Protein chains: 2
Amino acid sequence: MTLTDLQTPALLIDLDVMERNLCRVADYAKQHGLRLRPHTKTHKIPSLAKRQIELGASGITVAKVGEAEVMLGADPPDLLVAYPVLGEQKLDRLMQVARRTRVTVALDSAVAARQLSDAAKRAQLEVGVLAEVDVGLGRMGVEPGDELLELIRAIQALPSVSLEGITFYPGHIKRLDDAGRKQLAELDALLKSITSDLRRAGISARIVSGGSTPTLFASHTIRGLNEIRPGTYIFNDRNTADAGACSLEDCAASILVTVVSTARKDRIMVDGGSKTFSSDRPSGSADVTFGYVTDDPEVRFFQMNEEHGYLDVSRAKRRFSVGDRLRIIPNHICVAMNLHEKVYGIRGNVVETVWNVEARGKLQ
Amino acid sequence: MTLTDLQTPALLIDLDVMERNLCRVADYAKQHGLRLRPHTKTHKIPSLAKRQIELGASGITVAKVGEAEVMLGADPPDLLVAYPVLGEQKLDRLMQVARRTRVTVALDSAVAARQLSDAAKRAQLEVGVLAEVDVGLGRMGVEPGDELLELIRAIQALPSVSLEGITFYPGHIKRLDDAGRKQLAELDALLKSITSDLRRAGISARIVSGGSTPTLFASHTIRGLNEIRPGTYIFNDRNTADAGACSLEDCAASILVTVVSTARKDRIMVDGGSKTFSSDRPSGSADVTFGYVTDDPEVRFFQMNEEHGYLDVSRAKRRFSVGDRLRIIPNHICVAMNLHEKVYGIRGNVVETVWNVEARGKLQ
């Protein structure tokens with residue numbers, strides 16, 4: 001099967017680029033002695049998680065119990081749920097997962113810790129916990145200092161859960177420009193103070209897990225950090241390139257679309273909109289465009305409806321006709337993957353693999 | 001099963017509100033002698049399409065061949081694909097659908113018409129065509145006047161397709177305020193000129209299909225219009241309410257989420273983000289919020305990541321704890337539905353029905 005045999009819109013994965021991306025981060029982690037627990041929310045495909053494990057990942061990360069259930073298909077040696085799991089039903093499902101592999105949960109409240117402990121006790125299991133600390137994003141995580149110590153004490157007082165360490169997500173660092181490097185240095189100093197607080201309090205944090213896409217290749221400069229759990233790196237996307245964390249040539253994923261209308265001057269319509277790309281805008285700028293048109297970067301993807309992409313071709317180098325096809329790198333691949341039932345692994349013009357996106361829509 | 005038995009995030013449909021919405025539009029269409037061909041892209045559930053047909057819809061509308069295939073489950077007497085279908089494989093799939101029900105396709109190019117004609121001829125079938133005309137949005141559709149006549153002549157010259165009429169989408173009318181009413185009057189005048197052009201050219205347009213959510217209940221004021229194909233009205237959403245086309249009490253769909261973190265001052269995190277709600281912003285304003293919190297409208301849903309909703313509770317009337325649940329009306333229900341495998345039909349606190357969103361992700 002070749003690209004011309006595909007119906008559109010179709011999400012394509014360039015297998016050579018993907019493999020290069022996977023190896024780059026696996027090698028980086030090995031070189032710096034960092035544990036690698038890739039976040040599978042990006043690809044949502046067990047066989048890709050398997051490949052990450054083959055290349056040296058010590059386990060995998062998921063956001064939802066439903067994703068954990070699907071990812072058991074990759075036979076992971078270890079599984080981090082980087083999200084508090086609440087409610088008896090969901091926790092009981094998680095305990096079924098914990099019968100099959102070692103499970104750790106990231107959480108930031110005594111309530112979540114207690115519910116997890118109760119579920120583990122009911123199931124006669126022990127699960128790991130990472131205490132989440134906020135390092136500047138203001139999303140999840142308690143304040144460093146007394147609040148973190150208090151959370152850890154609460155976890156340590158509970159049966160059937162064991163404190164494995166701490167976790168953080170420096171999502172406030174958008175790119176490693178001058179401002180970003182300053183934020184990175186502050187993060188390093190903060191981590192140093194957090195880990196010495198813990199030591200002083202006699203708390204052993206075997207795992208210090210953190211990082212983000214923009215900080216990925218600077219992870220070794222954050223003292224104390226010993227685990228990374230990147231997700232996007234397997235494919236990369238326009239946001240990753242904009243953040244300076246990869247080049248456009250490192251973007252393995254693109255969406256093949258067909259021109260469905262040329263009725264308007266200077267504008268063409270393609271058969272992919274917010275149900276194909278997601279309506280995520282570029283994360284690091286005020287620009288409102290929805291992808292990078294690889295065939296002609298002068299074509300601006302400036303608007304979308306559910307099934308329509310609006311492309312401004314006034315500066316395009318070529319003319320487009322109804323039925324022509326284009327490839328577009330999405331702004332944010334994690335949300336785009338989640339919209340596709342199947343994705344296509346290609347080498348050049350040849351479609352080598354078709355994957356079901358097995359964990360897409362596993363919201364619970 | 002009651003609401004407390006549901007795991008979150010969960011998309012809830014208030015069955016009484018939905019039924020009221022369905023009846024309101026069915027009655028409106030009957031009262032004004034308008035054909036009703038509801039767009040099923042909103043709900044993506046065959047049994048709901050069936051209900052629309054029971055209430056008097058003459059057929060249904062879809063955007064994609066994959067949706068058409070699923071919607072055969074509703075046994076529709078007639079099916080409009082409101083989107084040009086291109087490529088042999090997709091067209092051959094459409095012809096399989098056309099063996100089971102009467103199919104009409106909206107298109108705006110001679111290329112799309114010719115491909116459809118070729119496929120219909122191969123299959124020894126006849127399919128209907130609506131010629132799409134642009135009335136101001138600048139999305140699909142040829143210019144009124146000579147371009148429309150030329151498109152229609154091209155369609156009429158082809159075998160195995162029959163011109164049924166014209167279609168348009170006045171998506172440029174955002175709400176029926178003073179400016180919107182002026183646009184509506186212009187649309188009425190434009191339609192009048194288009195239909196008299198057609199008459200003068202001896203072209204019979206049995207169907208004149210059009211309208212949008214904001215113009216829905218003004219459809220009868222557009223002379224010549226004889227078919228509407230609304231989608232969102234079954235559930236409504238925050239955009240519909242903002243556009244003045246329904247009240248918040250008419251919103252049948254909401255998403256039940258759980259508070260997963262209260263670690264930050266004046267802010268809570270809930271377990272739904274862009275993979276649960278979509279990242280669609282409000283369509284009619286510059287406001288950047290992602291839903292209407294029914295439990296306390298002073299709570300602002302101001303930011304999201306894939307699995308995290310950020311709620312500003314600084315003005316909230318109540319305090320929130322980890323594990324609490326909230327209901328949020330999404331900005332745009334069509335894209336939100338498409339993210340959920342299952343949705344829950346409720347009456348009061350009781351979950352009466354669970355539907356699979358069968359046509360979600362049918363992108364091709």
Check: What number of residues within region B:100-149 are in a strand (DSSP E or B) and free of Cβ contacts under 8 Å to residues at least 12 places away in the same chain?
Finding: 0
Margin query: Is it the case, given these coordinates, that A:ILE53 is surrounded by 22 or more Cβ atoms within 10 Å (Cβ to Cβ) and more than 22 Å from B:SER261 (Cβ to Cβ)?
Written below: no
Margin query: Can you pull out every residue in region B:250-274 that is touching a helix residue (DSSP H, G or I) at 6+ places or on another chain (Cβ under 8 Å) and closer than 29 Å to B:ASP16 by Cβ?
Written below: B:ASP250, B:CYS251, B:ALA252, B:ALA253, B:ILE255, B:LEU256, B:VAL257
Next item on the list: Give region A:294-303 a look and list any residue that's more than 11 Å from every other protein chain (Cβ to nearest Cβ) and within 29 Å of B:THR40 (Cα to Cα), or say none.
Entry: A:PHE301, A:PHE302
Next item on the list: Looking at (1) surrounded by fewer than 24 Cβ atoms within 10 Å (Cβ to Cβ); (2) on the phi > 0 side of the Ramachandran plot, find the lone condition where A:THR262 falls short.
Entry: (2)
Checklist line | Matching residues in region A:307-364 - criterion: being touching a Ser or Thr at 6+ places or on another chain (Cβ under 8 Å), over 30 Å from B:VAL343 (Cα atoms) and among the aromatic types (Phe, Trp, Tyr) | finding: A:PHE320
Notebook entry, point to check: Residue check, B:GLN96 against (1) among the polar types (S, T, N, Q); (2) within 23 Å of A:GLY272 (Cβ to Cβ); (3) surrounded by fewer than 17 Cβ atoms within 10 Å (Cβ to Cβ), all met but one. Which one?
Noted result: (2)
Next item on the list: From A:LEU79, A:LEU72, grab the single residue that is modelled with pLDDT of 95 or more, under 16 Å from A:ARG102 (Cβ atoms), surrounded by 24 or more Cβ atoms within 10 Å (Cβ to Cβ) and in contact with a Lys or Arg (Cβ under 9 Å, 6 or more places away or on another chain).
Entry: A:LEU79
Margin query: I'd like to check something: does region B:247-257 contain any residue that is of a type in the set (Val, Ile, Thr) and within 11 Å of chain A (Cβ to nearest Cβ)?
Written below: yes
Margin query: Please count how many residues of region A:270-287 are within 10 Å of chain B (Cβ to nearest Cβ) and within 23 Å of A:GLU341 (Cβ to Cβ).
Written below: 9
Notebook entry, point to check: When you look at B:GLU306, is it over 19 Å from the mean Cα position of the chain (by Cα), away from every other protein chain (no Cβ under 13 Å) and in a loop (DSSP other than H, G, I, E, B), yes or no?
Noted result: no
Margin query: Of everything in region A:135-158, what is away from chain B (no Cβ under 13 Å) and in contact with a Ser or Thr (Cβ under 6 Å, 6 or more places away or on another chain)? Give them in sequence order.
Written below: A:LEU158
Check: Looking at A:ASP178, A:ASP108, which is the one that is out of contact with any His (no Cβ under 8 Å at 6 or more places or on another chain), crowded, with 22+ Cβ neighbours inside 10 Å and either over 24 Å from A:ASP92 (Cα atoms) or within 11 Å of chain B (Cβ to nearest Cβ) (or both)?
Finding: A:ASP108
Notebook entry, point to check: Can you pull out the residues in region B:347-360 that are touching a residue at least 60 places away in the same chain (Cβ under 8 Å) and of a type outside the set (Lys, Arg)?
Noted result: B:ASN349, B:VAL350, B:VAL351, B:GLU352, B:THR353, B:TRP355, B:ASN356, B:VAL357, B:GLU358, B:ALA359
Next item on the list: Could you check, for region A:177-199, whether at least one of its residues is of a type in the set (A, V, I, L, M, F, W, C), in a loop (DSSP other than H, G, I, E, B) and either over 24 Å from the mean Cα position of the chain (by Cα) or outside the structural domain of A:SER279 (by TED's automatic domain parsing) (or both)?
Entry: no
Margin query: Looking for something within 14 Å of another protein chain (Cβ to nearest Cβ), crowded, with 22+ Cβ neighbours inside 10 Å and closer than 24 Å to A:MET18 by Cα - is there at least one such residue anywhere in region A:209-226?
Written below: yes
Notebook entry, point to check: Out of all the residues in region A:114-134, which are under 18 Å from A:ARG99 (Cα atoms) and either within 14 Å of chain B (Cβ to nearest Cβ) or of a type outside the set (A, V, I, L, M) (or both)?
Noted result: A:GLN115, A:LEU116, A:SER117, A:ASP118, A:ALA119, A:LYS121, A:ARG122, A:GLN124, A:GLU126, A:GLY128
Check: Which number in (1) within 22 Å of B:GLY202 (Cα to Cα); (2) crowded, with 19+ Cβ neighbours inside 10 Å marks the one condition that B:LEU149 misses?
Finding: (2)
Notebook entry, point to check: Out of region A:326-364, which residues are under 17 Å from the mean Cα position of the chain (by Cα) and charged (D, E, K, R)?
Noted result: A:GLU358, A:ARG360, A:LYS362
Notebook entry, point to check: Is it the case that region B:233-241 has a residue that's at pLDDT 95 or above, of a type in the set (A, V, I, L, M, F, W, C), crowded, with 24+ Cβ neighbours inside 10 Å and out of contact with any Lys or Arg (no Cβ under 8 Å at 6 or more places or on another chain)?
Noted result: yes
Margin query: Where the second residue is in a loop (DSSP other than H, G, I, E, B) and surrounded by 24 or more Cβ atoms within 10 Å (Cβ to Cβ) and the first is in contact (Cβ under 8 Å) with a residue 12 or more places away in the chain and within 7 Å of chain B (Cβ to nearest Cβ) and lies in region A:75-88, which pairs have Cβ atoms under 6 Å and are six or more apart or on separate chains?
Written below: A:TYR83/A:ALA63
Note to self: Kindly evaluate B:THR2 against the criterion of being in contact with a helix residue (DSSP H, G or I) (Cβ under 9 Å, 6 or more places away or on another chain) and touching a residue at least 12 places away in the same chain (Cβ under 8 Å).
What the structure shows: no
Next item on the list: For B:SER254, indicate whether it is in contact (Cβ under 8 Å) with a residue 60 or more places away in the chain, crowded, with 17+ Cβ neighbours inside 10 Å, assigned by TED's automatic domain parsing to the domain that holds B:TYR310 and over 26 Å from B:ALA63 (Cα atoms).
Entry: no
Check: When residues of region A:3-49 are filtered for being in contact with a Lys or Arg (Cβ under 6 Å, 6 or more places away or on another chain) and of a type in the set (A, V, I, L, M, F, W, C), how many remain?
Finding: 1
Notebook entry, point to check: How many residues, within region A:311-344, are in a strand (DSSP E or B), within 12 Å of another protein chain (Cβ to nearest Cβ) and surrounded by fewer than 21 Cβ atoms within 10 Å (Cβ to Cβ)?
Noted result: 4
Item checked: The listed residue being basic (Lys, Arg) and farther than 30 Å from B:ASP312 by Cβ, out of A:ARG99, A:ARG114 -> A:ARG99
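The values are calculated or read from the model by the stated rules, or taken from the named source; none is laboratory data. Just so we're clear, the structure is a prediction, and the values are computed from it rather than from any experiment. Counting neighbours? That spans all protein chains shown, and the Cβs are built from the backbone with ideal geometry, glycine included.
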